[in-house]
Amino acid sequence: MKTIINILLSRNTLLKNAGVLIICLFTSISIAQNSSSNAEKIKAVFIFNFTQFVDWPSSSFSSPEAPFIIGIAGKNLFGSYLEETVMGEKVGTHPIIIKYFDEEKEITNCHILYINYSDDRRIKELLSFIVTHEILSVSDAPNFNKLGGIVRFYTEQNKIRLQINTNAAKTAQLNISSKLLSVAKTK
């Protein structure tokens, strides 16, 4: 399993074969039972790959050099792995950085937001706050898409899968690639 993850994480492989990689992740990599760290590593790779399969409006950046921000609200389950995955990477001309958010008002300056809350009420409050911003919301929460979130990770047959709420993506003015949509359940 470690070897497969390391191969998938090769920066050149990710950038050159992102479409193939995302499909491979869905079809061939199973999560070993009781291996939450492997699951979190795979999710970190997915989050990075979202930068390649989602288009943000140019208005979501203050300048051509402004950073592309991946935010985490709630407990960071990735450790340093998400930071290591995006280190030195860019989205176009925008360097990718990771930020940790404690307060909602800070989240407006973010492009992808991983929400790690289990309380539906708290998730709904946060999603209501960011709904008018161009933010790709991501979570593992079971009701995430029903609450208005865009991308939900879930496990099926020991594989990490995606469920995408296309209406929420449109509301956020995000264009999700058909390649990504083809490997996800859509709502």
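Long-range amide H contacts for Leu136: which residues qualify at under 5 Å (H placed 1.01 Å from N, peptide plane, sequence gap of 5 or more or a different chain)?
Result for Leu136 returns Ile112, Leu113.
Any idea how far apart Lys90 and Val131 come out in nm if each label point goes 7 Å out from Cα toward Cβ?
Placing both labels 7 Å along Cα→Cβ, they lie 3.7 nm apart.
How high is the FRET efficiency between Ala66 and Glu103 when r is their beta carbon distance and R₀ equals 25 Å, given to the nearest 0.05? Let's see the in-between values first.
Values: r = 21 Å, r/R0 = 0.84.
Computed FRET efficiency for Ala66 and Glu103: 0.75.
What does the extension gain come out to for Lys146 and Lys187, with contour length at 0.36 nm per residue minus their alpha carbon separation?
On the way: separation 41, 0.36 × 41 = 14.76 nm, distance 0.91 nm.
Stretched out fully, the Lys146 to Lys187 stretch lengthens by 13.9 nm.
May I ask you to sort Ser137, Ser37 by Cβ crowding, counting other Cβ atoms within 10 Å and putting the fewest first?
With the sparsest Cβ surroundings first, the list reads Ser37, Ser137.
Read the figures in this text as sums done on the coordinates, not as results from a lab. Please read these numbers as outputs of a predicted model, since none were measured by experiment. So basically every Cβ, Gly included, is an ideal-geometry build from the backbone, and we count neighbours across all protein chains shown.
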